[in-house]
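Enquirer: Below you'll find the structure I mean.
The values are calculated or read from the model by the stated rules, or taken from the named source; none is laboratory data. All values reported here derive from a predicted model rather than from experimental measurement. Neighbour counts run over all protein chains shown; Cβ positions are idealised from the backbone, glycine included. Side chains included, ligands, DNA and RNA excluded: accessible areas come from the protein's heavy atoms. Shrake-Rupley method; radii C 1.70, N 1.55, O 1.52, S 1.80 Å.
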Amino acid sequence: MNIWHICMFEIRRILRIRSVLLNLFFLPLLLIFILGAALSSTMDTGKDNVPGQVRVGVIQTGSNSGSITAALNAFVAAPAVAEMMKVQHFTSEEEAERDLRQGELDFAVLIPPDLEERMAKGEEAKLQWILGKDGTLNIVGETLFTRFTDELNRRMATVEVLGPEASMAVASMTDEGSANFSYVNVSNSGTAGTSYSASQYYAASMLAMFMLYAGMTTSSSLFSERDKKTLTRLQAAPVGNGVIFAGKIAGNSLLAFMQALIIVLMTYWLYGVNWGTHPWLIVLICVLITISSMMIGVIVALVSKSAASASALMQGIIIAMTFISGGFTPIAIDFVQRIGEFTVNHWALQSFLRMMLNASMREIMHNILMLGVVSAVLLAIAAVIYGKVGYRYE
């Protein structure tokens, strides 16, 4: 008996359980339909419109030279950008945060006071975001100002490479005017996508959440082997506990992939969900979610004493991670958003949304990389706990 035999037995066993099949394949599609239809009025349709103007607060608290200020002014004055956002200038962060809370601003960006000094030292130009209540407008603001810093870094690199003769590169940003910012493209959301629909948002969030439930199936299966005394038979054969774990994980991982494939294809065909133009990145994200799901399931199985406690703990973890990551509804509270960044759901959801919005590959890969980091941490924790506890049989 090897991993493959245990894997195939696990798949056959689960596929015979009708309630599991309904929960894995039918329930996600039903929830996506209900949430997408019920909450479509609270989000952009994502088909025939571009989000309205984003009210952006620009906070300058330091003494950056005129070149940085002039470059920013030229950027926000460019016709393509001016159509998408209305800029207000602030001298303190408190004023901008107050307007965000009162709903007078949608998004704010803080220019660090030492930005030019850091750039002079060769450091990357970065701005700080202060997010508002609307998740879509936050993404629009982040995307626009990320394009600005990308262009600023490119021009600074030109100065470094070409030397003194290119020292006026930043100043030329204002001399050439709006033409210099033609790299900002505004496109219809039905094609290139600058917003997402409620169906897209909840398709992404429900896919991440229900793939995590595969870990609960793994945990339940491990306890089932012990409670039904079949673990003794497996251990009587020349099979180590590691092979049993691997077989269970492999079987449930394949089921998670089947679930992801069905959700992606059915939401595309039935609900018109646009998953972007990078199918292989969707596969990569699903692989990382599956790894995280399996590791959470193994950790819960190892630290729990009964199947009931393991199931309750697993459900609590999944629901909590989905909630604080904005999987049920976007949360504008900054503290909650910071906690959400430590969850699998946050980075999975942001990866899917960036692909739906046809964001730059750099933005997409950043979120996928962070999802990979979370998966690696869970894998390390599971390995440590398994080394100390093993598969307990009492």
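Enquirer: To the nearest 10 square angstrom, how much accessible area does His346 have with a 1.4 angstrom probe?
Expert: Roll a 1.4 Å probe over it and His346 shows about 30 Å².
Enquirer: A further question follows. Enumerate the lysines that Lys228 could reach by cross-link, defined here as Cα to Cα under 27 Å, with residues fewer than 8 away along the same chain left out.
Expert: Straight-distance partners of Lys228: Lys248, Lys305, Lys388.
Enquirer: Hand me the trypsin sites (Lys or Arg not before Pro) from the range 341-394 located in a DSSP loop with no more than 15 other Cβ atoms within 10 Å, in residue order please.
Expert: Answer by residue number: Arg392.
Enquirer: Just order 200-209, 30-39 by mean Cβ neighbour count inside 10 Å, highest at the front, would you? Could the numbers behind the result be given before it?
Expert: Details: 200-209: 27.6, 30-39: 16.2.
The most tightly packed comes first, giving 200-209, 30-39.
Enquirer: Sort largest first and round to whole Å: the equivalent ellipsoid semi-axes of the range 67-137, each the square root of five times a Cα gyration tensor eigenvalue.
Expert: Square roots of five times the eigenvalues give 23, 16, 11 Å.
Enquirer: Which three lengths, in whole Å and largest first, does the range 296-394 cover when its Cα atoms are put on their principal axes?
Expert: 52, 25, 22
Enquirer: Starting from the amide H of Leu105, placed 1.01 Å from N in the peptide plane, find each other amide H under 5 Å away whose residue is 5 or more places distant or on another chain.
Expert: The list, which skips near neighbours in sequence, is Leu100.
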